[in-house]
Amino acid sequence: MSLLNLHLKVWRQNQGKPGHFQDIEAHEIPDHASFLEMLDIVNERLIAKGEEPVAFDHDCREGICGSCSMTINGMPHGPEKATTTCQLHMRKFRTEDTIWIEPFRAHAFPVIKDLIVDRTPFDRIQQAGGYISVRTGAAPDANSILIGKEVADAAMDAAECIGCGACVAACKNASAMLFVSAKAGQLNSLPQGQPEKNRRTLAMVRQMDKEGFGACTNQYECEAACPKEISVRWITKLNRDYALAATKEAFGGSIERAGGGD
Ligand code: SF4
Ligand code: FES
C-alpha cells in the first residue's frame, strides 16, 4: 500500500446560495481506498478541526444504487469507464494530483448542499409511467410467458440503469433521454409492458420535458459517461415508440381514455 498526498478543490454550497471551490489538502490517503472512503477520511479530519464536513450522497457503495453522483475532474463519476464513484479507487490517481470535485450540474438537478443534488425529477418521471400497473405474479407466473433470449437480454441491458443522472450531467443540453429511454425501453420491450406501452411512453417523455431537462441532439456524451454503459440505441427506440404513440393519440386512439388500454 502506498499513501497519496492530494490537493482537492471541492464545491461547497448551501441551497439557494452561491457556491465556491474550497481547497482541501488530503494527505496520506491509502491508495486502496475508494473515492468515497477518501472523502470519509477528509470529513473525519474536517470534523476533528471543528469544520463542516463535505456533504455527498451515497448508499450501497457497490455500484448498484446510483446515489454517489458527483463530477470528478470534469467527468461524472470520474475518469474510469463504466465505473461509479463508489467503485473508483484512489490508485487511479497519483500523489500530488489536483482533483476537482463538483456536483452533477443541470438546471433540473438543483444543488441541495455541496455535492448533493436533488434528483427527485427522476422519481417523478418513473412515477409518470415507469411501471406495470397490473399484478404480474410471482416468478413461476413470469416464467410462464416465454420471451426470446435476444429480447430478454436487451431488456436486461436497459434494466441496468441505476438512475444516477450521469447522463444528464455529461450532456451539454442536460438531456435525460438516456435515463428515460432505458426505463421506458425495458418495459416497452417485454410482453408484460405492452398494454400500457403508448401511455407509458407519452407520460414519461412529457414528464421529462416538464421537469426542465434539455432536448437530445445526439452528442453521445450520455453513453460515454454512463457507469452501466446503457446504449444510445435505447434513445432511438424511445423516439420511435413516442412517434407511434403520439400519432395514435393524434388520430383518436384509445390511449386518451382514462384507465383504457392501447
Ligand atoms: S442511463 Fe446510465 S448514466 Fe443515465 S441514469 Fe441510467 S445508469 Fe446513470
Ligand atoms: S453508492 Fe450506490 S452506486 Fe455508488
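The values are calculated or read from the model by the stated rules, or taken from the named source; none is laboratory data. Quick caveat, the model's predicted, so the values are computed rather than measured. As a convention, Cβ positions derive from the backbone with ideal geometry for all residues, glycine included, and neighbour counts pool all protein chains shown. These area figures cover heavy atoms from the full protein model, side chains too; ligands, DNA and RNA do not enter into them. Shrake-Rupley method; radii C 1.70, N 1.55, O 1.52, S 1.80 Å.
Can you tell me which residues in the range 13-32 are of a type in the set (D, E) and in contact with a helix residue (DSSP H, G or I) (Cβ under 7 Å, 6 or more places away or on another chain)? Spell out how you get there, then give the answer.
Here is the first cut: in the range 13-32, the residues of a type in the set (D, E) are 23, 25, 28, 31.
Answer for the range 13-32, where residues must be of a type in the set (D, E) and in contact with a helix residue (DSSP H, G or I) (Cβ under 7 Å, 6 or more places away or on another chain): just D31.
Here's the yes/no breakdown for (1) β-branched (V, I, T); (2) more than 18 Å from P227 (Cβ to Cβ):
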{"position": "V54", "(1), (2)": "yes, yes"}
{"position": "P79", "(1), (2)": "no, no"}
{"position": "M90", "(1), (2)": "no, no"}
{"position": "E96", "(1), (2)": "no, yes"}
{"position": "P121", "(1), (2)": "no, yes"}
{"position": "A139", "(1), (2)": "no, yes"}
Checking G66 against (1) on the phi > 0 side of the Ramachandran plot; (2) open to solvent by 20 Å² or more (accessible area, probe 1.4 Å), which single condition isn't satisfied?
(2)
What's the number of the only condition in (1) open to solvent by less than 80 Å² (accessible area, probe 1.4 Å); (2) touching a residue at least 12 places away in the same chain (Cβ under 8 Å) that Q15 fails to meet?
(1)
Just one of the numbered conditions (1) open to solvent by 10 Å² or more (accessible area, probe 1.4 Å); (2) farther than 28 Å from F251 by Cβ; (3) modelled with pLDDT of 95 or more is not true of A155; which one?
(1)
Meets criteria (over 16 Å from the mean Cα position of the chain (by Cα) and crowded, with 22+ Cβ neighbours inside 10 Å) for D114
yes
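For the range 143-214, list the helices (runs of 4 or more DSSP H) that sit wholly inside it and hold at least 3 residues that are within 12 Å of ligand 1 (Cβ to nearest atom), in contact with a Pro (Cβ under 6 Å, 6 or more places away or on another chain) and touching a residue at least 40 places away in the same chain (Cβ under 8 Å); which are they?
In the range 143-214, 166-170 are the helices (runs of 4 or more DSSP H) which contain 3 or more residues that are within 12 Å of ligand 1 (Cβ to nearest atom), in contact with a Pro (Cβ under 6 Å, 6 or more places away or on another chain) and touching a residue at least 40 places away in the same chain (Cβ under 8 Å).
Out of A55, A48, A33, I need the residue that is open to solvent by less than 30 Å² (accessible area, probe 1.4 Å), over 22 Å from F104 (Cβ atoms), at pLDDT 95 or above and more than 16 Å from ligand 1 (Cβ to nearest atom). Which one?
Numbers: A55 fails: over 22 Å from F104 (Cβ atoms); A48 fails: open to solvent by less than 30 Å² (accessible area, probe 1.4 Å).
When all the criteria are applied, what remains is A33.
Can you confirm whether H7 is over 13 Å from P227 (Cβ atoms) and away from ligand 2 (no atom under 16 Å from the Cβ)?
Values: over 13 Å from P227 (Cβ atoms): yes; away from ligand 2 (no atom under 16 Å from the Cβ): yes.
So H7 fits the description; yes.
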Residues in the range 216-243 that are away from ligand 1 (no atom under 16 Å from the Cβ) and either at positive phi or out of contact with any helix residue (DSSP H, G or I) (no Cβ under 7 Å at 6 or more places or on another chain) (or both) total 3
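Quick one: which residue in S133, S181, S189 is over 18 Å from the mean Cα position of the chain (by Cα), surrounded by 20 or more Cβ atoms within 10 Å (Cβ to Cβ) and either on the phi > 0 side of the Ramachandran plot or among the hydroxyl-bearing types (S, T, Y) (or both)? Spell out the reasoning first.
Numbers: S133 fails: surrounded by 20 or more Cβ atoms within 10 Å (Cβ to Cβ); S181 fails: over 18 Å from the mean Cα position of the chain (by Cα).
When all the criteria are applied, what remains is S189.
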Contact list please: Cβ distance under 9 Å, first residue in the range 44-60 and among the basic types (K, R), second residue open to solvent by less than 50 Å² (accessible area, probe 1.4 Å) and more than 16 Å from ligand 1 (Cβ to nearest atom), pairs at least six apart or on different chains.
R45/I24; R45/A26
